[in-house]
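Heads up: the structure comes next, in structure tokens.
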Amino acid sequence: MAITPKLIKELREKTGSGMLDCKKALEEMAGDLEQAVDYLRKKGILKAEKKASRVASQGLVFTTVSEDKKAGVVLEFNSETDFVAKNLEFIATGEAITTLTLCKEISSVEKLLEANLNGETAKNAVTNLIAKIGENMNIRRFSRLESPEGFVTSYVHLGGKIGVLISLKGEFNAANEVKAKDVAMHIAAMAPKFSRSTEVTTDVMEREMEIERELLIQQGKPEKIIENILNGKKRKFFEENCLLNQVFVKDNTVTVEKYLGNLELIKFERYLLGDGIEKEEVNFAEEVAQQLAASSK
């Protein structure tokens, strides 16, 4: 069968692959369009596997909340570059996967990857996107919060660089929704480590106070007043690190706890894109040289 420009165009539109790749696939499969699709998928999967070792520290943080406001999810979907994170297919895939995690049975990334997403597994959906776009991607993590006696609110900051999910106990109405959204924005800006002071373990506090004690000794503070100073340091630690103790960012006359009023905080999650990922330092000149050497083989 003749490999016509029309056939190449049809395969390209069907798969999103490059023109030369489509032409080669059709030649290899003697012009059979469906077999050419399979050929490209197999080649794409092989390419995707090679890309899997590359560090994906960019991407987006997604959030979604169920229609009844009783559950919500925050999820980090990574790519290698910020450019790909703006790709509409990347965004659509991230949104679809995030919505999928609202299902209670999906309790881990491993279970999420095997879950059905529009007729294929979420893992295959990501793999096919890797093959099409040409960058490594991965679903890094997600958290799901519920509030049977209240509601869940989400907030995304800086176009997907920070995502916040917060569950609260109390009536869902317009006024309380505004409060919840305000506190979610506060969490995005102030990055509290704990919800409340009771979550701070003895080990954490002892470690913090040991550091403060050493600094006070180095400053020459008398031993008899160090304990009094440390008590003040403890209060300061709670005010800086515990959400309910923090001064509310939009009104410095009240704490977050007072601003919430009749709403009771259950839990929050704050995802910072790429947090904790060891980013690969790439020497651009070396990378180009490696590509040239590979293409000459």
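Brief remarks on what is shown
- Any hit, segment 193-207, residues being buried (at least 16 other Cβ atoms within 10 Å of the Cβ), within 21 Å of Leu273 (Cα to Cα) and not basic (Lys, Arg): yes
- Taking the numbered list (1) at pLDDT below 95; (2) within 24 Å of Phe268 (Cα to Cα) in turn, Glu135 passes all entries but (2).
- Residue in segment 195-206 that is within 32 Å of the chain's Cα centre (by Cα), small (Gly, Ala, Ser), under 24 Å from Gly159 (Cβ atoms) and assigned by TED's automatic domain parsing to the domain that holds Lys161 present: no
- Odd one out for Asn176 among (1) part of a helix (DSSP H, G or I); (2) surrounded by fewer than 19 Cβ atoms within 10 Å (Cβ to Cβ): (2)
- For Phe237, the test of being in a helix (DSSP H, G or I), buried (at least 17 other Cβ atoms within 10 Å of the Cβ) and touching a residue at least 24 places away in the same chain (Cβ under 8 Å) is passed.
- Here Met190 meets each of (1) of a type in the set (A, V, I, L, M, F, W, C); (2) surrounded by fewer than 17 Cβ atoms within 10 Å (Cβ to Cβ); (3) closer than 30 Å to Lys14 by Cα with one exception, condition (3).
- In segment 241-260, the condition of being within 30 Å of the chain's Cα centre (by Cα), free of Cβ contacts under 8 Å to residues at least 40 places away in the same chain and outside the structural domain of Lys179 (by TED's automatic domain parsing) is met by no residue.
- Residue within segment 196-206 that is in a helix (DSSP H, G or I) and of a type in the set (A, V, I, L, M, F, W, C) present: yes
- Every condition in (1) closer than 17 Å to Gly134 by Cα; (2) part of a loop (DSSP other than H, G, I, E, B); (3) modelled with pLDDT of 80 or more holds for Tyr39 except the one numbered (2).
- Qualifying residue in segment 140-153 (condition: of a type outside the set (A, V, I, L, M, F, W, C), in the same structural domain as Phe268 (by TED's automatic domain parsing) and without any contact (Cβ under 8 Å) to a residue 12 or more places away in the chain): no
- Matching residues in segment 145-161 - criterion: being out of contact with any Lys or Arg (no Cβ under 8 Å at 6 or more places or on another chain) and closer than 16 Å to Lys267 by Cβ: Ser154
- Neighbours by Cβ (under 7 Å, 6+ apart or cross-chain): first from segment 80-104, assigned by TED's automatic domain parsing to the domain that holds Val164; second assigned to a loop (DSSP other than H, G, I, E, B) and basic (Lys, Arg): Glu80/Arg54
The values are calculated or read from the model by the stated rules, or taken from the named source; none is laboratory data. Predicted, not measured: the structure shown is a model, and the values here were computed from it. With ideal geometry, Cβ positions are generated from the backbone for all residues, glycine too; neighbour counts draw on all protein chains shown.
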